[in-house]
1. Is it fair to say Glu162 is in contact with a Cys (Cβ under 7 Å, 6 or more places away or on another chain), open to solvent by 50 Å² or more (accessible area, probe 1.4 Å) and either away from ligand 2 (no atom under 15 Å from the Cβ) or not assigned by TED's automatic domain parsing to the domain that holds Thr117 (or both)?
2. Need the failing condition index for Pro181 against (1) without any contact (Cβ under 8 Å) to a residue 40 or more places away in the chain; (2) touching a Pro at 6+ places or on another chain (Cβ under 9 Å), just the number.
3. Give the residue that is farthest from the chain's Cα centre (by Cα), with candidates limited to residues of segment 199-247 that are of a type in the set (Asp, Glu) and more than 16 Å from ligand 2 (Cβ to nearest atom).
4. Between a residue in segment 188-206 that is closer than 23 Å to Gly48 by Cβ and among the charged types (D, E, K, R) and any residue that is within 11 Å of ligand 2 (Cβ to nearest atom) and open to solvent by less than 10 Å² (accessible area, probe 1.4 Å), which pairs come within a Cβ distance under 7 Å, given they are 6 or more apart or on different chains?
5. Please find, within segment 210-243, the residue that is surrounded by the fewest Cβ atoms within 10 Å (Cβ to Cβ) out of those that are away from ligand 1 (no atom under 12 Å from the Cβ) and over 24 Å from Ile39 (Cβ atoms).
6. Is it fair to say Glu57 is open to solvent by 60 Å² or more (accessible area, probe 1.4 Å), charged (D, E, K, R) and under 26 Å from Asp166 (Cα atoms)?
7. Can you tell me how many residues within segment 1-47 are without any contact (Cβ under 8 Å) to a residue 12 or more places away in the chain and surrounded by 13 or more Cβ atoms within 10 Å (Cβ to Cβ)?
Amino acid sequence: MNRPYGTTRTHVAARHALLAADGHVKSHVPGITGAAAVILINEAMGAGFAQLLVTFEAGGRAVFPASGVETGGYFESGGGTVAIGRQKKRCPAGGFFFAPAGEAWAIAAPKAGTRVTLFQKEFAPLAGVTTPKAIIGDAAKVKGQPFLGDPDARLQVLLPDEPEFDLAMNIFTYQPGATLPFVETHVMEHGLLMLAGQGVYRLEDSWYPVAAGDAIWMAPFCPQWFAAVGKAPASYLYYKDVNRAAL
Ligand code: UGY
Ligand code: MN
């Protein structure tokens, strides 16, 4: 949609942000070549994690050495080969992966135009608990469960909800008219990408119209609520920090 000069739906507040695609600006990210990489959310915004959108050209690559950072990735479209340590698999659209801290990982041989969202965070080890393992999977094989009993709001939990994982990556799909059942306020932070459809997102005391392609940051304790609006289902991919002590 063409917007009048000087306007955008993008809004960056102290504890939440809506980032519409019309404002995207590429960054050079070490390790990513042959691709347009946009850093949508990171510490400079006030977040405890980073969210990147990478659009690959044919022959593009992402090559990251082992470090203290863990990465969750999701192929929104296209496809590519993911290698984590000794695991290697072709991911189609809907493919996802988790590369734990301490393991090198790469995306190679992407189809031209492949869009991948990356969530990255410093791993927080938990005393007495083993470190999480690498995962390469396909969201099409993860069944959506009714959220708090609502069959019209379904949640796909892509990574195991086990104490070793401090990062969750989920897909929420709402039938038209379905909503989050209440205004959530929680310590966990979110980074989100609208994958399909449209709706209204409440963030703190503001309500935003949102649609596929929008990204959202919700700081810890940001009151949040969503209603799917329109004739087609709405879905979003989101990040959440999980399974760690309060203090
Ligand atoms: O997992 C969640 O906290 C999820 N219900 N939040 C959200 O969709 N904004
Ligand atoms: Mn939430």
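1. no
2. Of the numbered conditions (1) without any contact (Cβ under 8 Å) to a residue 40 or more places away in the chain; (2) touching a Pro at 6+ places or on another chain (Cβ under 9 Å), the odd one out for Pro181 is (2).
3. Among those residues, the one meeting the criterion is Asp205.
4. Partner pairs satisfying both residue conditions: Glu189/Met218; Arg202/Gln224; Glu204/Cys222.
5. Lys231
6. Criteria not met by Glu57.
7. The total comes to 1.
Let's see how each residue does on (1) more than 18 Å from Leu167 (Cα to Cα); (2) of a type in the set (A, V, I, L, M, F, W, C):
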{"position": "Ala17", "(1), (2)": "yes, yes"}
{"position": "Val29", "(1), (2)": "yes, yes"}
{"position": "Thr33", "(1), (2)": "yes, no"}
{"position": "Ile41", "(1), (2)": "no, yes"}
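The values are calculated or read from the model by the stated rules, or taken from the named source; none is laboratory data. All figures in this text were calculated on a predicted structure; none of them were measured in a lab. A quick note on method: Cβ atoms are made from the backbone with ideal geometry, for glycine too, and the neighbour counts reach across all protein chains shown. To get the accessible areas, we keep the full protein, side chains included, count just its heavy atoms, and leave off ligands, DNA and RNA. Shrake-Rupley method; radii C 1.70, N 1.55, O 1.52, S 1.80 Å.
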